[in-house]
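What follows draws every value from the coordinates through simple rules; no lab data is involved. Keep in mind the model is a prediction, meaning the values are calculated, not measured. Note that each Cβ is placed from the backbone with ideal geometry, even for glycine, and that neighbours are counted across all protein chains shown.
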Amino acid sequence: MSTYDSLLDLADTLIQENGFQGFSYADLAAGLGIRKASIHYHFPGKTDLGIAYCERKETRLLQMEEKLLAVPAGKARLEAYMDAFAYCALKGQMCGVHAMLSDSNQFEPALQDAVNRLAQTDLRIIADVLRTGRENGELTFMGEPADLAIIINCAVKGALMLNRVPPHDACERMKRAVQQMFNCP
């Protein structure tokens, strides 16, 4: 694996554990056993790293969306969306998108724009899950899918944060509550 990819992998872990402001290039260098100069070669500043991280996360969200499209629209696709974040819950991590959002008011404009695009992609994906579920008659709800997507998105990502503290069951409880909202089995 290239140094560039290794840096983004470690940044992903650190962001999901501590937030974007919660680590430094020294942490990356120590984690990979390289010099900080090697990091600056790939990412001259932390904003550059953040933008690359957002672009990578967006690519991964789009890959997740492709996998979701292979699942039947409706209840199964909604459950698959929620299950896509189970790995973060098992590791006690936050969602990388929301971890970036938590610090975004402190970012340079270019990174704020990248975080906004990432968050909008995430919201669009869940809105499409809800819209297609409504269209096939499996999901019944009032209001616009885009509005309900905010609620579902915040529930899933908020549960990841709550899951970090005992009794570590927020994600499962959230999933059951969302399923009950839509009368899913």
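Annotations for the structure displayed:
- Pair Leu162, Ser38: separation of 7 Å Cα→Cβ label points (nm): 4.2
- Val165, Val156, Val178 arranged by Cβ crowding within 10 Å, fewest neighbours leading: Val165, Val178, Val156
- Cα centroid of the stretch 90-144 to Cα centroid of the stretch 11-34, whole Å: 23
- Taking a straight line from the alpha carbon of Lys175, these aspartates and glutamates sit under 14 Å away, with near neighbours fewer than eight places off in the same chain left out: Glu79, Asp83.
- Here the Karplus curve 6.51 cos²θ - 1.76 cosθ + 1.60, taken at θ = phi - 60°, turns the phi angles of the stretch 3-11 into couplings of 4, 4, 5, 4, 5, 5, 4, 5, 4 Hz, with x standing for Gly and Pro.
- With respect to the chain, whose longest principal axis is taken over its alpha-carbon atoms, helix 46-69 is tilted by about 30°.
- Residue among His168, His42, His98 with the largest mean-square fluctuation in a Gaussian network model of the chain, springs linking Cα atoms under 10 Å: His42
- With contacts taken as Cα pairs under 8 Å and at least 6 residues apart, the chain reaches a relative contact order of 24 percent.
- Distance between modelled label sites at Glu172 and Val71, nm, 7 Å Cα→Cβ extension: 1.9
- Efficiency of FRET between Asp27 and Asp83 - r from beta-carbon atoms, R0 25 angstrom, step 0.05: 0.25
- Annotation: lysines with alpha-carbon distance below 17 angstrom to Lys91 (same-chain offsets under eight excluded): Lys157.
- Of the peptides 142-153, 49-60, the ranking by mean beta-carbon count within 10 Å, highest at the top, reads 49-60, 142-153.
- The loop-placed chymotrypsin sites (Phe, Trp or Tyr not before Pro) in the stretch 102-185, going by DSSP, that have at most 16 neighbouring Cβ atoms within 10 Å of their Cβ come out as Phe141.
- Taking a straight Cα-Cα cut-off under 20 Å and skipping sequence neighbours fewer than 8 places away in the same chain, the lysines within cross-link reach of Lys46 are Lys36, Lys57.
- Rg to Rh, two decimals, where the chain supplies the alpha carbon set and Rh follows Kirkwood: 1.01
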